[in-house]
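Just so it is clear, none of the values below were taken in a lab; they were calculated from the coordinates. What you are looking at is a predicted structure, and each value in this text was computed from that prediction instead of being measured. Virtual Cβ from ideal backbone geometry, glycine too; neighbours counted across all protein chains shown.
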Amino acid sequence: MWGRKQNDLPADTAAEAVEFARPLVHGGFSTPDDVAVAITEYLEPSVSLPQARSVVDRLWQARVAEQRTWPPVTDPDRVLAAFSALASAGVVARADFACCQNCGLTEIGAEAAPGDRGFVFFHEQDTARAVEGGELLLSYGRPPDSPADTADVGQVVAAALRAQELSVTWDGSPEERIRVDLEWRKRLG
């Protein structure tokens with residue numbers, strides 16, 4: 001610790017903190033405080049909250065600088081616009097919803113209101129995959145009381161995404177998730 005500032009971390013711990021935090025920051029759905037707390041929980045007891053905040057601050061500032069070079073409308077903006085249109089059409093649409101597929105499918109029913117025709121969401125692991133350069137996978141379906149067919153809900157979702165000029169891959173099968181090819185550049189809030 002001699003000569004090291006209070007917020008400095010050993011190089012290997014700092015690298016691990018950055019690797020863990022980057023998808024959360026670049027995902028664009030977490031606040032700086034949320035990310036800092038997540039780092040401390042992940043690397044407990046090696047990283048203090050002030051150290052984690054320092055890591056997040058550097059990542060956050062770098063991402064804000066990157067944003068200056070982005071086009072006015074990015075692919076995540078288009079996804080969120082499609083989700084807004086879907087919500088207006090009676091499809092519950094949630095971004096970065098739940099931690100995983102199983103939890104999302106379990107929790108989405110509580111989001112639906114009587115008369116909703118279906119749902120669509122992507123979860124935190126889907127966001128992380130998209131941040132790392134992968135496609136965005138969307139889950140969709142219908143509430144138990146909906147007369148809509150699951151494949152019909154998928155068609156509505158795919159059409160809303162295509163209306164936003166997104167590249168959608170889906171074979172029409174209700175067993176397959178909808179895939180969106182995109183570049184994940186969501187602005188930080």
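Here are some notes:
- Share antiparallel - DSSP beta bridges, the chain, percent rounded to 5: 70 percent
- Peptides 81-89, 120-128 ordered by average Cβ neighbours within 10 Å, highest first: 120-128, 81-89
- Once the Cα gyration tensor of region 1-80 is diagonalised, semi-axes √(5λ) in Å: 28, 13, 9
- In the chain, Cα pairs under 8 Å separated by at least six residues give a relative contact order of 23 percent.
- Shape metrics for the chain, restricted to C-alpha atoms - Rg then Dmax, Å: 19.0, 68
- In percent, rounded to a whole number, the relative contact order of region 75-181 is 26, using alpha-carbon pairs under 8 Å and six or more apart.
- Helix axis angle, 75-88 relative to the chain longest principal axis, alpha carbon, degrees: 40 degrees
- Think of region 109-182 as having a plus end and a minus end, set by charges on the Cβ of Lys, Arg, Asp and Glu; of Gln164, Leu182, Gly141, Gln164 sits farthest toward the positive end of this dipole.
- Taking Cα atoms only, the orientation of helix 11-27 departs from the longest principal axis of the chain by about 30 degrees.
- Gap separating the Cα centres of region 71-100 and region 111-189, nearest whole Å: 8 Å
- The chain - mean residue ellipticity at 222 nm from DSSP helices (-39,500 (n - 2.57) per run, n ≥ 4, rounded to 500): -15000 deg cm²/dmol
- Within the chain: Cβ-based charge dipole about Cα centre, in debye rounded to nearest 20 (Lys, Arg +1; Asp, Glu -1): 640 debye
- C-alpha long axis of helix 49-67 to longest principal axis of the chain, angle in °: 60 degrees
- Ranking of Val79, Val18 by count of other Cβ atoms within 10 Å, fewest first: Val18, Val79
- Semi-axis lengths, Å, region 75-181, gyration tensor of Cα atoms, sqrt of 5 times eigenvalues: 19, 15, 13
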